[in-house]
Amino acid sequence: MSTPTDLPTWLAHVQAAHPQAMVLGLERVHAVLQRLPASAQPMPVVVTVAGTNGKGSSCAMLEAMFMAAGYRVGVYTSPHLVRFNERCRVHGADMEDAPLVSALQAVEQARGEVALTYFEHTTLAIWHALRQLALDVVILEVGLGGRLDAVNAIDPDVSLITSIDVDHAQWLGNTREAIGREKAGIMRRARVAVVGDPVPLASVREYAQQVGADACWVGQDFGYGGDGQQWQWRGRQRRLSGLAYPALRGINQLVNAGAVLAVLEALHSQLPVPAQAVRQGLAQVALPGRFQMLPGQPAMVLDVAHNPHAAAALAQNLDAMGYFANTYAVFGAMADKDVDSMVSHLQPVVQHWLCCDLPEPRAARGADLAQRVRAACGAHASVSCHTSAPQALAHALSQAQATDRILIFGSFVTVGEVLRHGLPALAAPHAPADVAARPRGGALVQG
């Protein structure tokens, strides 16, 4: 085929070149990485973030705090919600198409006969694009696991492991200990590795000792606590008090923020971040799809929770919102997820389930999800099937009253499909007349 010239065509080309979605291992990535043209820019400080849940939020907090301190920051995260460009942010903005196209071309030329998966090719391309810029720090989010993930081909100055739970069991193992061992693979000898999981695992501790990493443990090397108004943090050498809670909503965000501050302390000699920048970052951090609450009536919540651990946190966050007469859940999920456990966690706070198909080969059919929901919630549960997430949302909006709540969750794809089609400016049947004219938060998603 002819050489692609635009980003969508390039991405389609990369996908078609190696249709197998996942092939764990770093040999191919290392080989191509060594062949990529060297950058004229100095190597930035690198922070690598792994974990089951909280990776994206932690990356966003680090980004916000470093930017508030005046540093030039690049971030790589995955997957995206609406546009591929979301995966690469520079100075808080999504990277434009042109540098991504150039980087994809560079990887294509460098790989030769090496077959790369879509994730490997795009990871190398984004790293190459970031290396062409004069950046102070680059934050890299691991896609799956850690030890054999393509991101782990790049050596971090500091690594961060967020909360760990069972997910992607077919690749990583079906116990927290097995999965923890895979996540720990991002640790490096003599470099700080912050472990933010509130219940640290023996496998992580053993790996840290094995490689000689300077492990920084929650409850031992750093800690945090607070009341309903503010919180405080202590590290090995630094203390911060009078901190406002993160702008990202959810009870789990303090766990993420505590570990993020430990990363900043580890990098203090290279990239000092003053207390005021920490406070500014906490106040300004934003990340679509993570317990994202939209204004208007009925209340609307978007959350990419896609495993039991995240579903449990989501249920607690929903319960803390206060009273709603009914909650309508637009629910789409991948077929390989523990749907039964996810539904079990959400059952006490959801009255109506709207199960939907998703435009993704790995996705469960809405009818199959509905069957699982009925089995978990009982024959009298309110369950319906829909051909898409936007169609399910439209149905929920036609039924919900001003005192109700609509939840959109289960997958990045579920939330992404709703955002891709635009958030409707519709009012509940008994909402005030001016609600239909109010913005429904679509501006929260850039691009």
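Values quoted throughout were computed directly from the atomic coordinates according to the rules given, and no laboratory measurement underlies them. Here the structure is a predicted model, which is why all the values come from computation and not from measurement. Glycine gets a Cβ as well: all are built from the backbone with ideal geometry, and neighbour counts include every protein chain shown.
Only loop residues by DSSP count here, and only those with at most 13 other Cβ atoms within 10 Å; note down the trypsin sites (Lys or Arg not before Pro) in the stretch 191-269 that meet that.
On the way: sites: Arg191, Arg205, Arg234, Arg236, Arg238, Arg239, Arg249; in loops: Arg191, Arg236, Arg238, Arg249.
Loop-located and lightly packed - Arg236.
With r as the distance between the Cβ atoms of Gln34 and Ala335 and R0 = 30 Å, compute the FRET efficiency 1/(1 + (r/R0)^6) and round to 0.05.
Values: r = 37 Å, r/R0 = 1.24.
With R0 = 30 Å, the Cβ-Cβ based efficiency is 0.20.
Search the structure for amide H atoms under 5 Å from the amide H of Thr403, placed 1.01 Å from N in the peptide plane, and list their residues when 5 or more places away or on another chain.
Sorted by chain and number, the residues that satisfy this come to none at all.
Between Ala93 and Ser241, what FRET efficiency comes out of the Förster formula 1/(1 + (r/R0)^6) with R0 = 30 Å and r the beta carbon distance, rounded to 0.05? Please list the in-between numbers first.
On the way: r = 33 Å, r/R0 = 1.09.
My answer for the efficiency is 0.35.
Using only helices, what value at 222 nm comes out for the chain when you add -39,500 (n - 2.57) per DSSP H run of length 4 or more and divide by the total residues, to the nearest 500 deg cm²/dmol?
Numbers: 15 runs with 163 residues, N = 447.
It lands at -11000 deg cm²/dmol.
Between Ala325 and Arg205, with labels modelled 7 Å along Cα→Cβ, what's the label distance in nm to one decimal, could you check?
Using points 7 Å along Cα→Cβ, the separation is 5.3 nm.
Which of Ser241, Ser411, Ser388 ends up with the largest GNM mean-square fluctuation for the chain, with Cα atoms connected below 10 Å?
Answer for the Gaussian network model of the chain: Ser241.
How far is it, in nm, from the label point at Gln230 to the one at Glu113 when both lie 7 Å from their Cα along the line to the Cβ?
Going by the 7 Å Cα→Cβ label model, 6.5 nm.
May I ask you to derive the FRET efficiency for Glu27 and Arg72 from their Cβ-Cβ distance with R0 = 35 Å, giving the value to the nearest 0.05?
Values: r = 32 Å, r/R0 = 0.92.
FRET efficiency, Glu27 to Arg72: 0.60.
With a bin width of 10 angstrom, please list the P(r) values of the stretch 248-350 as percents of all Cα-Cα pairs, from the 0 bin to the one holding the largest distance.
Spelled out bin by bin, the stretch 248-350 gives 12, 38, 27, 16, 6, 0 percent.
Stretched out fully, how many nm does the piece from Gln371 to Met293 gain, at 0.36 nm a residue minus the Cα gap?
Residue separation times 0.36 nm, minus the Cα-Cα distance, leaves 25.2 nm.
From the alpha carbon gyration tensor of the stretch 30-113, can you work out the equivalent ellipsoid semi-axes (sqrt of 5 times each eigenvalue) and give them in Å, largest to smallest?
24, 16, 14
Using the Kirkwood formula over every pair of different C-alpha atoms, what hydrodynamic radius in Å results for the stretch 292-444? It would help to have the intermediate numbers written out before the result.
Working: mean 1/r = 0.0659 Å⁻¹.
Value: 15.2 Å, from the Cα pair sum.
Starting from the Kirkwood Rh over alpha-carbon pairs, what translational D in µm² s⁻¹ does the stretch 7-284 have by Stokes-Einstein at 10 °C and 1.306 mPa s?
Numbers: Rh = 19.0 Å.
Approximately 83 µm²/s, per Stokes-Einstein.
What nm value, rounded to one decimal, do you get for the distance between Gln220 and Ala17 when each label is placed 7 Å out toward the C-beta?
Label-label distance for Gln220 and Ala17, simple model: 4.4 nm.
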